[in-house]
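The values are calculated or read from the model by the stated rules, or taken from the named source; none is laboratory data. Computed from a predicted structure; not experimentally measured. As a convention, Cβ positions derive from the backbone with ideal geometry for all residues, glycine included, and neighbour counts pool all protein chains shown.
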Amino acid sequence: MEMYDKSMRAFLKPVVRYLDDPSVTEIMINGPEDVWIERKGRLYKTTAKFTPEGVEAAGRNIAQYVGRIIDNEHPRLDARLPDGSRIHVVLPPIARKGCTISIRKFFPGKLTIKQLVEFGSLRPEWARFIDACVLTKQNIVVSGGTGSGKTTLLNVVSSLIPNEERILTIEDSAELQLQQDHLVPFESRPPDKFGRGGVNMADLLHSALRLRPDRIVIGEVRGGEAFDLIQSMNTGHSGSMCTVHANSPTDTLRRLESLCLMSSVEIPMVAVRAQVASAINIIICCARFHDGSRRVTHISEVLPLNERGDYRTQDIFVFTVTGKDQDGNIQGYHAPTGILPTFLHKLKAYGFEEIDEDFFDPATYGLEPPPTIAVQEIKTRWVPRLEGGQERWKPKPLPEDKRKRLEQAFEKTLAERDLEPPPMAEEPPAQNGETAKDTAPSEEGKESSRARSTSAPSAPAGQSPARGEKPSQAEGRPR
């Protein structure tokens with residue numbers, strides 16, 4: 001492996017300095033003398049140059065490095081390097097300017113939800129609401145365009161899953177970095193040059209459903225496996241998560257609908273729509289702006305279809321662009337819309353007492369209601385100050401005790417904590433004269449377990465209650 005690593009770096013010598021530069025997120029070799037990089041969300045042309053033979057040799061050497069075939073019969077390569085970086089190679093004459101190579105670097109550092117708040121990607125109350133949605137097992141879809149940070153955001157959201165739950169992840173190329181103890185990761189495998197041995201995402205999802213998952217997390221839904229995922233969400237596997245390429249909440253639902261129709265199951269379109277709308281609870285949209293920044297732009301709730309069979313969503317939080325500063329950086333603000341989620345009562349049942357009507361009132365934070373929100377032919381529940389329309393909005397100071405409770409709740413979500421070890425099963429009593437193994441929990445462990453059980457709020461059967469502690473978050477910068 002070390003020999004192959006040295007060989008690959010030798011063939012990629014003109015761009016090795018960018019491979020070693022942590023500020024560079026992607027390297028794009030469009031041709032022998034046309035090399036670009038992405039740094040902090042912006043593209044830059046470099047002075048790096050290859051020879052025509054050298055760049056093609058680099059592509060073939062990469063294929064050999066990962067144990068795959070690339071030749072005139074198979075001119076495309078999509079693979080993952082041992083360090084986690086994603087690579088795509090296209091040989092000429094398909095690539096008209098010469099061999100084309102794209103390397104999207106993988107960073108082992110992990111991003112926390114606290115860092116997302118510090119970067120301005122979202123507000124603290126959004127973080128608290130996302131945490132509540134995860135713990136109450138809402139089915140969540142993270143959507144956005146290419147390079148918008150979907151996988152990074154999914155990493156952060158899935159890190160909020162309680163540590164004692166059994167999590168199965170399914171990916172085309174392994175990128176998720178979950179740290180929970182009970183984790184079963186799957187990665188698809190393409191067929192060989194004879195078309196044998198391939199294992200696709202749908203195959204892995206079928207296996208996952210038979211492995212008693214508490215949560216299913218899919219890196220990206222891009223084919224007919226969407227139908228199986230929607231079916232699993234509708235048949236008891238709540239709390240599932242995935243990413244989808246789409247630019248708005250409604251586009252996300254339409255994209256899932258299109259992917260479901262790619263499956264081999266023949267079902268009327270209206271039935272597919274009904275299944276999609278009933279399966280998805282929350283859509284989190286993210287976007288990359290022209291200044292290179294990445295932000296969460298929408299947190300929206302999905303509602304049942306209307307009488308005509310159209311999708312209905314309601315925005316709970318949105319990001320509003322207000323302009324640009326003198327350096328060309330996007331300016332704007334995140335704010336709640338004043339619309340109350342339909343599952344607000346469930347959040348309170350799980351112990352999220354601070355998430356009440358004031359929590360969703362923009363006046364609570366001294367903000368104006370966003371000028372544009374999605375409210376599509378529904379009987380919307382507004383916060384009291386907005387029931388008569390946004391013209392009734394008036395800033396109202398938040399009571400001191402309420403403000404302190406909100407701040408404490410936000411700090412609780414944002415604080416970095418160690419993962420809580422899962423409870424260990426006790427050995428069954430000895431039978432037939434056998435001696436039980438010395439695996440009984442210590443008195444200290446029992447006291448800790450009793451303390452957790454008495455402090456946790458009650459929750460509906462089959463669901464995980466809101467806990468006093470959550471898994472630690474990962475650190476790193478978004479890609």
**OP:** Kindly establish whether Cys242 is buried (at least 22 other Cβ atoms within 10 Å of the Cβ) and more than 19 Å from the chain's Cα centre (by Cα).
**Re:** no
Original post:
If you scan region 260-284, which residues turn out to be at pLDDT below 95 and buried (at least 22 other Cβ atoms within 10 Å of the Cβ)?
Top reply: Cys260
Subject >> Top-ranked residue in region 183-197 [being part of a loop (DSSP other than H, G, I, E, B) and over 19 Å from the mean Cα position of the chain (by Cα); ranked as surrounded by the most Cβ atoms within 10 Å (Cβ to Cβ)] >> reply: Pro190
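Hey, can you tell me all the residues within region 334-371 that are out of contact with any strand residue (DSSP E or B) (no Cβ under 6 Å at 6 or more places or on another chain) and hydroxyl-bearing (Ser, Thr, Tyr)?
Going through region 334-371, the residues out of contact with any strand residue (DSSP E or B) (no Cβ under 6 Å at 6 or more places or on another chain) turn out to be 335, 340, 342-359, 361, 363-366, 368-369, 371.
Passing the criteria: Thr342, Tyr350, Thr364, Tyr365.
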Subject >> Verdict on Val265 being in a loop (DSSP other than H, G, I, E, B), more than 23 Å from Ser158 (Cβ to Cβ), without any contact (Cβ under 8 Å) to a residue 60 or more places away in the chain and assigned by TED's automatic domain parsing to the domain that holds Lys150 >> reply: yes
**OP:** Kindly establish whether Ser258 is free of Cβ contacts under 8 Å to residues at least 24 places away in the same chain and among the polar types (S, T, N, Q).
**Re:** yes
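Filter region 16-41 for residues that are assigned to a loop (DSSP other than H, G, I, E, B), among the charged types (D, E, K, R) and closer than 16 Å to Ser148 by Cα and give the result. Explain how you work it out, then say what you get.
Step one: filter region 16-41 for residues assigned to a loop (DSSP other than H, G, I, E, B), giving 20-23, 32-33, 40-41.
From what's left, among the charged types (D, E, K, R): 20-21, 33, 40.
Within region 16-41, just Lys40 meets the criteria.
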**OP:** Please determine, by comparing only the residues of region 1-41 that are closer than 18 Å to Ile62 by Cβ and polar (S, T, N, Q), which one is surrounded by the fewest Cβ atoms within 10 Å (Cβ to Cβ).
**Re:** Ser7
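Inside region 268-294, can you point out the residues that are touching a Gly at 6+ places or on another chain (Cβ under 7 Å) and farther than 21 Å from Thr235 by Cβ?
So the first thing to find is which residues in region 268-294 are touching a Gly at 6+ places or on another chain (Cβ under 7 Å), and the list is 270, 273, 285-288, 291-294.
Cys285, Cys286, Ala287, Arg288, Asp291, Gly292, Ser293, Arg294 - these are the residues of region 268-294 that are touching a Gly at 6+ places or on another chain (Cβ under 7 Å) and farther than 21 Å from Thr235 by Cβ.
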**OP:** Could you tell me whether region 176-197 includes any residue that is modelled with pLDDT of 90 or more and closer than 21 Å to Ser300 by Cα?
**Re:** no
Original post:
Quick one: in region 198-239, which of the residues that are of a type in the set (Val, Ile, Thr) and over 19 Å from the mean Cα position of the chain (by Cα) is modelled with the highest pLDDT?
Top reply: Val199
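For region 217-242, what are the residues that are in a loop (DSSP other than H, G, I, E, B), among the polar types (S, T, N, Q) and in contact with a helix residue (DSSP H, G or I) (Cβ under 8 Å, 6 or more places away or on another chain)?
Step one: of region 217-242, the residues in a loop (DSSP other than H, G, I, E, B) are 219-224, 235-240.
Checking which are among the polar types (S, T, N, Q) leaves us with 235, 238, 240.
If the condition is that a residue be in a loop (DSSP other than H, G, I, E, B), among the polar types (S, T, N, Q) and in contact with a helix residue (DSSP H, G or I) (Cβ under 8 Å, 6 or more places away or on another chain), then Ser240 is the only one that fits.
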Original post:
Hey, any hits in region 208-220 for a residue that's buried (at least 17 other Cβ atoms within 10 Å of the Cβ), under 28 Å from Leu116 (Cα atoms), out of contact with any strand residue (DSSP E or B) (no Cβ under 8 Å at 6 or more places or on another chain) and in the same structural domain as Phe317 (by TED's automatic domain parsing)?
Top reply: no
**OP:** Could you please find all residues in region 162-174 being touching a Leu at 6+ places or on another chain (Cβ under 9 Å) and not in a strand (DSSP E or B)?
**Re:** Pro162, Asn163, Arg166
Subject >> region 148-157, residues that are in a helix (DSSP H, G or I), surrounded by 23 or more Cβ atoms within 10 Å (Cβ to Cβ) and of a type in the set (Ser, Thr, Tyr) >> reply: Thr152
